[in-house]
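Here the structure comes first, spelled out in structure tokens, and everything after it is commentary.
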């Protein structure tokens, strides 16, 4: 059971928009920065979003992040088949004194 | 740019110690702002943070693993290491080393190494 809650799977058609939610509490998302990672099968995760809504160099602006209260959201627009992957949210948890991750969301592009 | 590479035993017997090393290239562990981290992923499951070590040498561990984990750094070799004691089958996972940047963002990852705990 992960500290952060994500939907196990989401799907949307190519070219459309998809949102992935990440729900937590005041001890984690509510008072700390959120990151998002993209992971393809058999490869290491890749940082997509940091500090709630910032993109590392090289990440397309089709990927955006936001945070409101104790929830965070990853939005992917202009979906491509190459976006099919697992997506994880992560943040610091002040009560646990450690980094916590969501259980991951598998994105399927129809 | 910064690159990380894990190495170590891929098979560990139950009750023994899992030992992995992460070699850092393209940057110095001794530089300010660097934090070496370990994260693992059991087969078919999600990510679990193990801990990290600041360039200062201070360490932070996952409370659920703290009693069994040690992360250390060897600045002369530009590498950091993970020791996980008294392993069980539940410790079977792909182990990643990563650089922690800013507010707990893992911005550079190693390719990962699979460790199986089995007799």
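The values are calculated or read from the model by the stated rules, or taken from the named source; none is laboratory data. Quantities reported herein were computed from a predicted structural model and do not represent experimental measurements. Methodologically, a virtual Cβ is constructed for each residue, glycine included, from the backbone with ideal geometry; neighbour enumeration extends over all protein chains shown.
Listing for the model above:
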read-out	value
In the range A:42-53, the residues that are at negative phi, touching a strand residue (DSSP E or B) at 6+ places or on another chain (Cβ under 8 Å) and surrounded by fewer than 18 Cβ atoms within 10 Å (Cβ to Cβ)	A:53
Single residue of the range B:46-61 satisfying the filter (within 13 Å of residue B:93 (Cβ to Cβ) and in contact (Cβ under 8 Å) with a residue 12 or more places away in the chain) that is nearest to the chain's Cα centre (by Cα)	B:50
Residue satisfying condition, being over 25 Å from residue B:26 (Cα atoms) and touching a residue at least 12 places away in the same chain (Cβ under 8 Å), within set B:81, B:118	B:118
Residue count for the range B:87-111, restricted to those that are assigned to a loop (DSSP other than H, G, I, E, B) and either surrounded by fewer than 20 Cβ atoms within 10 Å (Cβ to Cβ) or more than 10 Å from chain A (Cβ to nearest Cβ) (or both)	6
Top-ranked residue in the range B:62-71 [being surrounded by 14 or more Cβ atoms within 10 Å (Cβ to Cβ) and either over 15 Å from the mean Cα position of the chain (by Cα) or in a strand (DSSP E or B) (or both); ranked as nearest to the other protein chains (Cβ to nearest Cβ)]	B:69
Counted residues, the range A:81-110 - those being in a loop (DSSP other than H, G, I, E, B) and more than 7 Å from chain B (Cβ to nearest Cβ)	5
Selected residue (only one of A:27, A:66 is free of Cβ contacts under 8 Å to residues at least 40 places away in the same chain and either surrounded by 14 or more Cβ atoms within 10 Å (Cβ to Cβ) or more than 12 Å from chain B (Cβ to nearest Cβ) (or both))	A:66
Of the criteria (1) at pLDDT below 95; (2) closer than 24 Å to residue B:61 by Cβ, which one residue A:110 fails	(2)
